[in-house]
Amino acid sequence: MERQGAAGPARGQTAGGAARPDALRPVHWRRQVAGAEMTAVPEVRRAVRELLRHHWAEEADSAASAELCATELVTNALVHTDRGAVVTATMGPAPGAALRVEVRDFTAAMPTPCDPTVDDGTHGRGLMLVQTLADSWGVSADAVGKVVWFELAAGPAERLVVDTAGPAAGGVGHADAPGPA
């Protein structure tokens, strides 16, 4: 999306209109988190915010959703496993490109979204938030544990529902139908 009245070349272009070489590469961020290292949660949130500051400058709602989803996945990995996690965030090279965040942990137990009760306090809502805010999300097993991920594009997110049968690979995935009320 191009801004009206903007002076100078568009982001990622030289004055002649050609794409700069650095503008053609995806942005990739990675951090390993030790088990029970809860101080990593705000660090991951800040890193996602900083990554998006340059790419989604005018998409504050989408950036806030991305921060919250990343926070929830990292918190889940640290609360429900004791072996730590590896967090990666990848964004395409174009301004407004989609963000993909993956949290790899080293426990085979698959997460399941739940419908928390009032008595649950603040627990049990993380995956439900990711499900609601992300454009797509999922979980897949791998040789050393699992990867829980979400993708979010700049702009309004669509509602999601959980495919409890999951894809053939045993994951939970995205649906285009409206989510549960």
Checklist outcome for this item: Over region 65-100, the set of residues in contact (Cβ under 8 Å) with a residue 60 or more places away in the chain, surrounded by 17 or more Cβ atoms within 10 Å (Cβ to Cβ) and part of a strand (DSSP E or B) is A89, T90, M91
Next on the checklist: I'd like to check something: does region 47-56 contain any residue that is in contact (Cβ under 8 Å) with a residue 40 or more places away in the chain, assigned to a loop (DSSP other than H, G, I, E, B) and either surrounded by fewer than 17 Cβ atoms within 10 Å (Cβ to Cβ) or not aliphatic (A, V, I, L, M) (or both)?
Outcome noted: yes
Item to check | Residue identified as open to solvent by 60 Å² or more (accessible area, probe 1.4 Å) and modelled with pLDDT under 90 among A177, A168 | outcome: A168
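The values are calculated or read from the model by the stated rules, or taken from the named source; none is laboratory data. Predicted, not measured: the structure shown is a model, and the values here were computed from it. Neighbour counts are summed over all protein chains in view; Cβ atoms, including those assigned to glycine, are modelled from backbone coordinates with ideal geometry. Surface areas here come from the heavy atoms of the whole protein model, side chains and all, with no ligands, DNA or RNA. Shrake-Rupley method; radii C 1.70, N 1.55, O 1.52, S 1.80 Å.
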